[in-house]
1. Give me the residue from the range 51-65 that is of a type in the set (Gly, Ala, Ser) and crowded, with 21+ Cβ neighbours inside 10 Å and, out of that set, farthest from residue 39 (Cα to Cα).
2. Within the range 34-49, how many residues turn out to be surrounded by fewer than 21 Cβ atoms within 10 Å (Cβ to Cβ) and assigned to a helix (DSSP H, G or I)?
3. How many of the residues in the range 99-116 are touching a residue at least 12 places away in the same chain (Cβ under 8 Å) and in a helix (DSSP H, G or I)?
4. Based on this model, can you work out whether residue 367 counts as surrounded by 15 or more Cβ atoms within 10 Å (Cβ to Cβ), part of a loop (DSSP other than H, G, I, E, B) and either modelled with pLDDT under 95 or in contact with a helix residue (DSSP H, G or I) (Cβ under 9 Å, 6 or more places away or on another chain) (or both)?
5. Do you know which residues across the range 242-273 are within 21 Å of the chain's Cα centre (by Cα) and exposed (fewer than 14 other Cβ atoms within 10 Å of the Cβ)?
6. Can you give me the number of residues within the range 282-320 that are of a type in the set (Lys, Arg) and either under 17 Å from residue 244 (Cα atoms) or more than 25 Å from the chain's Cα centre (by Cα) (or both)?
7. Mind telling me which of the residues 291, 206, 272, 220 ends up being under 28 Å from residue 91 (Cα atoms) and at pLDDT 90 or above?
8. Filter the range 66-85 down to residues that are closer than 29 Å to residue 281 by Cα and crowded, with 21+ Cβ neighbours inside 10 Å and give me whichever is farthest from the chain's Cα centre (by Cα).
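The values are calculated or read from the model by the stated rules, or taken from the named source; none is laboratory data. Predicted, not measured: the structure shown is a model, and the values here were computed from it. Virtual Cβ from ideal backbone geometry, glycine too; neighbours counted across all protein chains shown.
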Amino acid sequence: MLNAFSPAQEVVDPKLFAGRRDQVMQLSDALRTAGSCPVIYGDRGLGKTSLAVQCQLIAMGSDELLIKLGAKDWALEDHETFLTFFVNCSDEVRNFAELQRRILNAFRDFVIQEEANSGKRVLVDRQTKRKLSFKVFEVEQTSNYDHRASELREEDLSLTEQVEREAELLKVCYNQPVLVVIDELDRVGDTRGMASFLKAMSGSNLKFLLVGIAQSLSDLDLDHPSVERQLWPVNVPRMRKDELVEVVNRAIANLAELDLHYKFTSNALDRLIDAAFGFPWFVHVIGQSALVKALNSSVHEIPSDLLQQAIEGLVTNKFAQRFRDDYQLAIRDSYNREVVLRIFAAWRDSDIPTLDVYAVCKKLGVSNPALYKGHLCSERFGKPLMNPGFQERGLIRFRNEMFKQYVNLTRSLYTNVDEEVRDAAKTAWRIGER
């Protein structure tokens with residue numbers, strides 16, 4: 001029961017990639033295009049990492065997903081496949097030099113496992129235990145690599161030269177070019193120098209696949225004009241309603257296989273999909289909570305009121321603790337700041353015009369909404385809002401669109417603020433008619 005809505009299904013179940021067919025085909029095209037650097041970007045929680053993992057499998061020669069998507073012709077031939085390395089970034093990666101060190105560590109941190117009774121070997125990532133290639137290699141190949149790599153590491157080379165030489169050595173010894181998947185690139189503190197590196201390194205021996213949270217390519221701060229001919233942007237949009245319904249259907253089917261028979265009423269399902277607002281994370285978390293409530297209540301058909309209880313329970317849900325903490329950091333002890341944050345969240349598009357928001361704020365008694373908007377763009381209050389530099393003045397965005405939806409779904413800290421904002425926004429902007 002507790003795993004019925006596990007997000008891990010997005011990785012292992014190709015059916016859930018049906019709505020990502022175009023993105024999968026774009027990535028496959030990018031893999032076989034010389035010098036290209038594919039970039040997967042989009043809001044948080046939309047399965048970008050899952051898509052990158054599938055791209056990694058395609059790069060290694062897997063055609064399973066492509067066949068299920070009716071795109072078998074996009075599969076790579078044997079001579080086009082890659083040795084693949086997956087590099088996860090974190091807040092500890094403060095600059096591009098540290099990212100280069102992680103890439104080098106990935107090149108050097110694999111183990112060689114012998115296939116049973118074959119005398120041949122496979123390369124396996126030491127941490128994830130995933131294969132780096134579907135090919136098998138002769139003992140002589142791995143021995144040659146070990147010897148030459150040892151000599152290389154004794155040379156006095158810059159980080160960039162080490163990455164280049166190590167990738168070249170992998171290509172020579174294993175007769176496959178190298179693909180490096182860099183996940184969560186947005187967490188790297190300072191990417192200066194990366195654009196020129198990508199421009200110089202992307203070639204016959206080495207290709208990069210970048211993955212990051214961004215609403216546009218420029219949000220990743222890649223200094224992309226210098227490499228714009230090489231970047232191959234692949235945007236991951238929010239899920240359509242029919243895709244989110246499929247997530248629910250798969251969870252219900254998984255339970256049925258365990259002889260646990262549950263379903264949502266049509267109204268409850270509609271409410272769940274609307275609450276998710278295109279983000280599968282909300283389907284997982286709210287749907288899971290609703291199923292637990294149904295189990296505890298001995299109910300097998302989940303009604304709207306029980307689903308609404310699950311939505312209201314987001315404020316105490318352990319999976320949403322980060323959002324709860326961010327919300328309290330933003331509001332602290334200010335009624336006015338909560339009003340302003342919630343009115344910004346009520347605007348349903350990503351680009352939020354401040355003039356429209358300020359007009360509603362003033363109707364609710366906040367005389368200087370620009371002051372509180374400034375608070376919400378500052379480090380002190382967690383920076384939930386931002387001024388996108390490439391936009392015209394007067395537009396605001398949420399840094400995290402999932403947090404924006406969390407704000408819309410949960411109760412306010414100050415009594416009735418949520419209802420007052422909802423009514424005022426509906427009257428001013430005709431929400432529901434736009």
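1. 59
2. 1
3. So the answer is 9.
4. No: the conditions fail for residue 367.
5. Passing the criteria: only 242.
6. Restricting attention to the range 282-320, the residues satisfying the condition of being of a type in the set (Lys, Arg) are 293, 318.
Those left that are additionally either under 17 Å from residue 244 (Cα atoms) or more than 25 Å from the chain's Cα centre (by Cα) (or both): 293.
Number satisfying all stated conditions: 1.
7. Answer to the check: 206.
8. Among them, the one singled out is 66.
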